[in-house]
Amino acid sequence: MAHDREQDSEQEGRLTRISAFVFLHTEHAIYAALGLLLAATAVLALIDATGMLFAAIRELGGSAQLLKIVDSLLFLLMLVEILHTVRVSMRSGKLTCEPFLIVGLIASIRRVLVITLQSSEVMHGPMSPERDALFRASMIELGVLSGLILTMVISIFLLHRARDDQKVAGQE
C-alpha cells in the first residue's frame with residue numbers, strides 16, 4: 001500500500017517536471033517569436049522615420065512633418081523598450097514593471113506632443129464655439145496626461161530607491 005503511494009507520488013513528480021519543462025520551452029519559443037516580430041517592426045519603423053526625415057530635409061518641412069518624425073521616433077523607442085523587456089524576461093524569468101512604466105511615460109509624452117501641435121493649429125484663426133470646445137478638451141487632456149506623467153516618474157523613482165542593488169531595470 002505504501003509502495004503504491006510512493007509510486008503515485010513519484011509518477012506525479014515526474015509528470016510535474018515534464019509539464020514544467022514543456023511549458024517553459026513553449027514560453028521561451030513564444031517570447032522569441034514575439035521578440036523577432038518586435039525587432040522587425042522596429043526596423044521598419046526606423047526605415048520609415050529615416051525616410052520621413054530625408055523628405056523633411058529636402059522640403060524644409062514644417063512643424064507637422066517634424067512632429068510626425070518625433071512621433072515615429074518615440075514609437076520606435078517604445079518598441080525597443082518593449083523588446084528589451086521581452087529579452088530580460090526571457091533571461092531572468094521575471095517580469096518587472098519598470099519597463100512598462102517607461103513605455104507608458106513615452107506614450108504619454110507622445111500624446112502631449114500631438115495635443116500641443118493640434119492646439120496650436122486650432123488657435124490660428126478666429127475663435128468659434130467648436131474651436132473653444134476643442135481647446136478646452138485639449139487642456140483637460142493635457143492636465144490629465146501631466147498627472148499621469150508625474151505619477152509614472154514618481155513610480156520609477158520609487159522603484160529605483162526600493163531596489164537593493166541600485167541597478168537599472170534589466171541589468172543582471
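We did not get these values from a lab; they are worked out from the coordinates using the rules stated. Computed from a prediction, not measured in an experiment: that's the story for all the values here. Counting neighbours? That spans all protein chains shown, and the Cβs are built from the backbone with ideal geometry, glycine included.
Angle, helix 2-59 long axis vs. longest principal axis of the chain, Cα atoms, 0 to 90°, nearest 10? So the helix axis and the longest Cα principal axis differ by about 20 degrees. Spacing of the modelled spin labels on Met123 and Gln65, each 7 Å from Cα toward Cβ, amounts to 2.5 nm. Take the Cβ-Cβ distance between Ile115 and Arg87 as r, set R0 to 30 Å, and report the resulting FRET efficiency rounded to the nearest 0.05. About 0.40, to the nearest 0.05.
With a/c under 1.5 counting as rounded, go ahead and sort the range 35-117 into rounded, prolate or oblate using the C-alpha gyration tensor (a ≥ b ≥ c being the square roots of the eigenvalues; past the cut-off, prolate if a/b is larger than b/c, else oblate). Let's see the in-between values first.
Working: a/c = 5.09, a/b = 1.77, b/c = 2.87.
Oblate shape, in that a/c is at least 1.5 and b/c is the bigger or equal ratio.
Rounded if a/c is under 1.5, else prolate if a/b is larger than b/c, else oblate: which is the range 36-172, with a ≥ b ≥ c the root eigenvalues of its Cα gyration tensor?
Working: a/c = 3.31, a/b = 1.47, b/c = 2.26.
Oblate shape, in that a/c is at least 1.5 and b/c is the bigger or equal ratio.
Computed over the chain with a Gaussian network model linking Cα atoms closer than 10 Å, the most mobile of Glu121, Glu141, Glu12 is Glu12. Using only Cα atoms, tell me the angle between helix 129-162 and the longest principal axis of the chain; keep it within 0 to 90° and round to the nearest 10. The angle comes out near 40 degrees. For Ala29 and Thr96, what is the calculated FRET efficiency with R₀ set at 22 Å and r taken between the beta-carbons, to the nearest 0.05? After rounding, the FRET efficiency stands at 0.55. Calculated mean residue ellipticity, 222 nm, the chain: -31500 deg cm²/dmol, from DSSP H runs (n ≥ 4) at -39500 (n - 2.57) each, averaged per residue and rounded to 500. Label-to-label distance, Phe135 versus Glu10, with points set 7 angstrom from Cα along the beta-carbon direction: 8.2 nm.
Helix 98-122 and the long axis of the chain differ in direction by around 20°, with both axes built from C-alpha atoms.
Per-residue Karplus couplings for the range 71-79, computed as 6.51 cos²θ - 1.76 cosθ + 1.60 with θ equal to phi - 60°, are listed in order as 4, 5, 5, 5, 4, 4, 4, 5, 4 Hz, Gly and Pro entered as x. Choose one answer from Ala55, Ala20, Ala40: the residue with the largest mean-square fluctuation in a GNM of the chain with alpha-carbon springs under 10 Å. The residue that fluctuates most here is Ala20. Site pair Arg163 and Thr41 shows an inter-label distance of 2.4 nm when each label is modelled 7 Å from Cα along Cα→Cβ. GNM remark for the chain: springs join alpha carbons under 10 Å apart, and the peak mean-square fluctuation among Asp48, Asp132, Asp71 falls on Asp132.
Dividing the mean sequence gap of close Cα pairs (under 8 Å, 6+ apart) by how many residues the range 51-130 holds gives a relative contact order of 27 percent. Quick check: net charge around Gln118, other residues with Cβ under 15 Å of its Cβ, Lys/Arg +1 and Asp/Glu -1? Neighbour charge sum, excluding Gln118 itself: 0. Over all other residues within a Cβ to Cβ distance under 12 Å of Phe21, the charged ones net out to +1, with Lys and Arg as +1 and Asp and Glu as -1.
When only Cα pairs under 8 Å and 6 or more residues apart are kept, what is the percent relative contact order across the range 30-172?
Details: 95 pairs, mean separation 33.5, N = 143.
Contact order relative to length: 23 percent.
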